[in-house]
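Here is the structure we will look at.
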Amino acid sequence: MAPLCLGSMLNPVNSTMISTALVAIARDFQATVAETGLLIGGLYITSAIAQPTMGRLADRLGARRVFLAGLYLVALAGVAGTFAPSLRALIWVRVLLGVGTSAAYPTAMRILRNRAAQTGSVEPRMALGILSMCALSTVAIGAALGGILTGLGGWRMVFTVNLPLALLGILLVFLWIPEDEAKPAGLRKLAQGVDVLGIVLFAGLLLTGMFFLMSLGHPNWPMLAVSVLLGFVLTRHSLRTKQPFLNIRMLGSNIPLSVTYLRYGATNLMMYCMLYGFSQWLQTGPGFSSTKAGLITLPMSGLAALSALAGGRMKSIRNPLIFGTLGFLFAAGCIVLITSGTAASLLVLLVLPFGLPQGICSNANQAAVYVQAPHEEVGTAAGLLRTSQYVGAIVASSLLGLLFGKHPTDHGMHTLAWVMVVLSAGLVIATVADRTLPREAILGEAV
């Protein structure tokens, strides 16, 4: 479990560490919030595409081979980030990190399933629980860790730390992960199973959509037209392909599942707005150091991890979602009260309520997918849930660029809070009205 847990931590830790380094990066490269937002969006677009792709590659090439390849890319990204000469180079480093870190979770699931089959054991629930706990704990400490590293050695340390982590992971894989038994599939079969064209179309759709959202101050309408066209072509391609990258047919025939993806994307939009927006505001509004900004957000993230674990014991799906969306509404209202003159201790208390609905909604939405997805497509459905999470993060980074402009201000933070109030109110209404949500499910199995 040691190499699997370490590998599964790399994506969430790189997602959250950079939140407290964005201000320092913007200062060194004289960049705006929208421009540094590409560091966030770049990793999430890549992860949205790479997670399901790496899972398919693991099935055809061998999970251990793909896991190691991902760790090699993470090590390379650690070196490249340490010496990146420009913001553009740093964005490409984040893309490389997105590919490398996306290999860990799907290959870990495959390795555990192979191990269970070899030993004749039942579903490895304890092992899956350990993986889940490691990821949640990493999210909780990521912002604080990024702040500490930035305070000690500058923002480049946020990238450099990936090198020793990746090398340790490689060593542990060679020590404790068995060799792949299956031989790699041929290139022709591999290309057919991966749906390369679907991946390219989906990547183009996300990129053009993100660039349009980041230009809302001066809308780039041709970019929107290209995005709509790519969406049409992707839909047509997916309907005509036996094993599409994005299963449009399943989404169209299973409305409750599609609604769950939309709800999960919306909750993640608010979560990442807080994660990245609040961290940047702390350093430019009150003027806290990156280390102190990370420590202020730590209790909120810790509560999110604890509430996610507690949510795993709940059997209901609908009631936790209603409670969680109401929690987002209350938490967003608290953000309206903060100003640059608010004491640090009071800031901790005002943002703490955001932690509780994060964990509860995350667990309940996972359980909804577990129940709503067809039995033979649970794996594909779970991968699309991760994709909806990343899309929410991409939209969050674009929204922050629109609301914050060159740097976060009290007015920008309050505007963001009111946007989240409206969004969470809409989620409450939609969740209460959604009668397709099952009232009872074993949430622990979903996690």
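The values are calculated or read from the model by the stated rules, or taken from the named source; none is laboratory data. All of these numbers come straight from a predicted model, not from anything done at the bench. Positions of Cβ are generated from backbone atoms using ideal geometry, with glycine treated the same way; all protein chains shown enter the neighbour counts. Surface accessibility is based on the protein's heavy atoms, side chains included, excluding ligands, DNA and RNA. Shrake-Rupley method; radii C 1.70, N 1.55, O 1.52, S 1.80 Å.
Below, the figures for the structure above:
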{"item": "Filter result for residue 216 (surrounded by fewer than 17 Cβ atoms within 10 Å (Cβ to Cβ) and not in a helix (DSSP H, G or I))", "result": "yes"}
{"item": "Single residue of the stretch 72-93 satisfying the filter (in contact (Cβ under 8 Å) with a residue 12 or more places away in the chain, farther than 25 Å from residue 6 by Cβ and open to solvent by 30 Å² or more (accessible area, probe 1.4 Å)) that is nearest to the chain's Cα centre (by Cα)", "result": "91"}
{"item": "Single residue of the stretch 186-205 satisfying the filter (of a type in the set (A, V, I, L, M) and at pLDDT 80 or above) that is surrounded by the fewest Cβ atoms within 10 Å (Cβ to Cβ)", "result": "196"}
{"item": "Residue in the stretch 29-49 that is over 22 Å from residue 389 (Cα atoms) and either of a type in the set (Lys, Arg) or at pLDDT 90 or above (or both) present", "result": "yes"}
{"item": "Qualifying residue in the stretch 353-373 (condition: at pLDDT 90 or above, assigned to a helix (DSSP H, G or I), touching a Phe, Trp or Tyr at 6+ places or on another chain (Cβ under 6 Å) and surrounded by 21 or more Cβ atoms within 10 Å (Cβ to Cβ))", "result": "no"}
{"item": "Criterion (small (Gly, Ala, Ser), at negative phi and open to solvent by less than 40 Å² (accessible area, probe 1.4 Å)) met by exactly one of 48, 69", "result": "48"}
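To keep it simple, each residue is scored yes or no on (1) open to solvent by less than 20 Å² (accessible area, probe 1.4 Å); (2) touching a residue at least 40 places away in the same chain (Cβ under 8 Å); (3) not in a helix (DSSP H, G or I).
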site: 207; (1), (2), (3): no, yes, no
site: 242; (1), (2), (3): no, no, yes
site: 256; (1), (2), (3): no, yes, no
site: 259; (1), (2), (3): no, yes, no
site: 269; (1), (2), (3): no, yes, no
site: 283; (1), (2), (3): no, yes, no
site: 294; (1), (2), (3): yes, yes, no
site: 306; (1), (2), (3): no, yes, no
